[in-house]
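Below is one structure, written out as structure tokens; comments come after it.
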Amino acid sequence: MRDMTKDEMMAFIKSWTWGTLIGVEGGRPYAVELSYGTDGSYIYCGSRPGGRMARCIEENPFVAFKICDSDRSYSSWRAVIVEGKAERQTGYDDILQAVRHIARQRGYDERVFDGIAKKTADDPHSNSLRIPLETLSGVTTG
């Protein structure tokens, strides 16, 4: 096992599409798996409006975002964790930018989720988030 370089971590973050958002509610950890996108400065993601993770973020915006990958034998694996303050996105333009990052990262036409941006911006309980890519750590085999 070895530490990943910053370039390796960023390449992994940019190539993957699935991670775990980890928050704290009432002193207890809570995690949800979700798709995400990045622009190289932020992770863009979201969870169910008004759901438990939304309450976690409201109570304590400091989160961890974990991305990991392994082959079936576990002989080759990598893992990155991003720690930071989740910033709730409420404006249509910010949410549109976020869902377009997610679409592009997943290999879709960037406009495929545009309808979600409007619906999310209109929901006062929406939980569209961005997390700065400032505090990172990663490990890999080899």
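Descriptive notes on the structure:
Residue-wise test of (1) of a type in the set (A, V, I, L, M); (2) in contact with a Leu (Cβ under 7 Å, 6 or more places away or on another chain); (3) farther than 16 Å from T135 by Cβ.
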{"position": "D3", "(1), (2), (3)": "no, no, no"}
{"position": "S15", "(1), (2), (3)": "no, no, yes"}
{"position": "V24", "(1), (2), (3)": "yes, no, yes"}
{"position": "E58", "(1), (2), (3)": "no, no, yes"}
{"position": "I67", "(1), (2), (3)": "yes, no, no"}
{"position": "T90", "(1), (2), (3)": "no, no, yes"}
{"position": "Q97", "(1), (2), (3)": "no, no, yes"}
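- Among the numbered conditions (1) polar (S, T, N, Q); (2) in contact with a Gly (Cβ under 6 Å, 6 or more places away or on another chain); (3) without any contact (Cβ under 8 Å) to a residue 24 or more places away in the chain, the only one that N127 does not meet is (3).
- Every pair of residues 6+ apart whose Cβ atoms lie under 8 Å, when the first sits in the range 102-124 and is within 10 Å of Y92 (Cα to Cα) and part of a loop (DSSP other than H, G, I, E, B) while the second is aromatic (F, W, Y) and modelled with pLDDT under 90: none
- Residues in the range 3-25 that are small (G, A, S) and in contact (Cβ under 8 Å) with a residue 24 or more places away in the chain: G19, G23.
- Pairs meeting the criteria (first residue in the range 81-93 and within 19 Å of M9 (Cβ to Cβ), second residue at pLDDT 95 or above and assigned to a helix (DSSP H, G or I), beta carbons under 8 Å, at least 6 apart or on different chains) are V82/I13.
- When restricted to residues that are exposed (fewer than 15 other Cβ atoms within 10 Å of the Cβ) and over 14 Å from the mean Cα position of the chain (by Cα), the range 9-29 contains 5.
- Test: R48 is at pLDDT below 95, of a type outside the set (A, V, I, L, M) and touching a Phe, Trp or Tyr at 6+ places or on another chain (Cβ under 7 Å): no
- Residue list for the range 88-107, filter: surrounded by fewer than 17 Cβ atoms within 10 Å (Cβ to Cβ) and either of a type in the set (S, T, N, Q) or more than 13 Å from S126 (Cβ to Cβ) (or both): T90, D93, R104, R106, G107
The values are calculated or read from the model by the stated rules, or taken from the named source; none is laboratory data. Treat the numbers as computed from the prediction; the structure is a model and nothing was measured. Neighbour counts run over all protein chains shown; Cβ positions are idealised from the backbone, glycine included.
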